[in-house]
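**Q** This structure is in structure tokens; I'll ask about it shortly.
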Amino acid sequence: MIRVTVVYEAQLLRTALVELLRSGGVMVVSSLPRWPHGPATGMSEPDVYVADAECLPPSAMRPVGASAPPSGEGSGGRPALLALVPGPRPGVLRRAHSAGAAGFVDQNAPKGRLLEAVHRLANGERFIDDTLALGFLQAAEMPLTRRELSVLSLAADGAPVAEIAATLFLTKGTVRNYMASVIRKVGARNRVDAIRIAQGAGWT
């Protein structure tokens, strides 16, 4: 029987996901509200981690300990990571891919697709939900640099130019230049529109 660990912050949704997997013949060995940062005493090592893509740290698949899988190996090897993605959001897909996910399933997908993905990963295969294909293409074309994303993220939190400059050790003129570049690259009308576009794509 396939052993799975569920990682999902919202308790109600985490519980529903556990029940869904069990009803499909999968053994859920543990469920966690956040990604484990080291070996967990008394917990069985799963074949597959099923996790909310938005709660994955960049280092999720690096070997931190027995409960942190470094690759999507599945059956007979180390655990594989299946990321549950909230639709074709390029930024979220990029983060999940960087975290080492071997499978990607749309959170709006039917139960059968999730169970198929779990079985595929447990057998050492990969799985990408067809509905996420466009999101992956857009993720590969993400136009912003890391510094531009940093400026935009702070702006999205409501920080004024002076605060962004102080936080990132930049001049106010440089911050304005970065913001102008962001607006141009994403095809936005202004700063507010750029934030809306970036958040909609899951980049910030």
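**Q** If a residue must be in a helix (DSSP H, G or I) and surrounded by 15 or more Cβ atoms within 10 Å (Cβ to Cβ), how many such residues does segment 169-184 contain?
**A** 8
**Q** Looking at (1) in contact with a helix residue (DSSP H, G or I) (Cβ under 7 Å, 6 or more places away or on another chain); (2) modelled with pLDDT of 85 or more; (3) closer than 30 Å to PHE136 by Cβ; (4) open to solvent by 60 Å² or more (accessible area, probe 1.4 Å), which is the only condition GLN199 fails?
**A** (2)
Residue-by-condition table, conditions (1) at pLDDT below 90; (2) over 29 Å from LEU170 (Cβ atoms); (3) open to solvent by 10 Å² or more (accessible area, probe 1.4 Å):
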site: CYS55; (1), (2), (3): yes, yes, yes
site: PRO58; (1), (2), (3): yes, no, yes
site: ALA68; (1), (2), (3): yes, yes, no
site: LEU81; (1), (2), (3): no, yes, no
site: ASN108; (1), (2), (3): no, yes, yes
site: LEU115; (1), (2), (3): no, yes, yes
site: GLN138; (1), (2), (3): yes, no, yes
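**Q** To continue, here is another question. Can LEU168 be described as more than 19 Å from GLU54 (Cα to Cα) and either in contact (Cβ under 8 Å) with a residue 60 or more places away in the chain or not charged (D, E, K, R) (or both)? Outline the logic, then answer.
**A** Values: more than 19 Å from GLU54 (Cα to Cα): yes; either in contact (Cβ under 8 Å) with a residue 60 or more places away in the chain or not charged (D, E, K, R) (or both): yes.
Yes.
**Q** What are the pairs with Cβ atoms under 9 angstrom where one residue, in segment 22-36, is in contact (Cβ under 8 Å) with a residue 40 or more places away in the chain and farther than 13 Å from ASP47 by Cβ and the other, located anywhere, is among the small types (Gly, Ala, Ser) and open to solvent by 40 Å² or more (accessible area, probe 1.4 Å)? Sequence gap at least six, or different chains.
**A** That search, which allows pairs on different chains as well, returns GLY24/GLY112.
**Q** Restricting attention to segment 147-167, which residues are surrounded by fewer than 16 Cβ atoms within 10 Å (Cβ to Cβ), part of a helix (DSSP H, G or I) and not basic (Lys, Arg)?
**A** ALA162, GLU163, ALA166, THR167
**Q** Can you run down the residue pairs with Cβ atoms below 7 Å, 6 or more apart or on separate chains, where the first is in segment 7-21 and more than 23 Å from ALA101 (Cβ to Cβ) and the partner is buried (at least 22 other Cβ atoms within 10 Å of the Cβ) and modelled with pLDDT of 95 or more?
**A** none
**Q** Within segment 121-136, track down each residue that is assigned to a helix (DSSP H, G or I) and surrounded by fewer than 19 Cβ atoms within 10 Å (Cβ to Cβ).
**A** Within segment 121-136, ASP130, THR131, ALA133, LEU134, PHE136 qualify.
**Q** Also: Looking at (1) modelled with pLDDT under 85; (2) crowded, with 22+ Cβ neighbours inside 10 Å, which is the one condition that is false for ARG62?
**A** Result: ARG62 passes all but (2).
**Q** If you check PRO143 against the conditions, is it modelled with pLDDT under 90 and within 29 Å of VAL50 (Cβ to Cβ)?
**A** For PRO143, the condition - modelled with pLDDT under 90 and within 29 Å of VAL50 (Cβ to Cβ) - is not met.
The values are calculated or read from the model by the stated rules, or taken from the named source; none is laboratory data. Predicted model, so just to flag it, every value in this text is computed and none were measured. Positions of Cβ are backbone-derived with ideal geometry, glycine not excepted, and every protein chain shown enters the neighbour counts. What goes into the accessible areas is simple: the full protein's heavy atoms, side chains included, and nothing from ligands, DNA or RNA. Shrake-Rupley method; radii C 1.70, N 1.55, O 1.52, S 1.80 Å.
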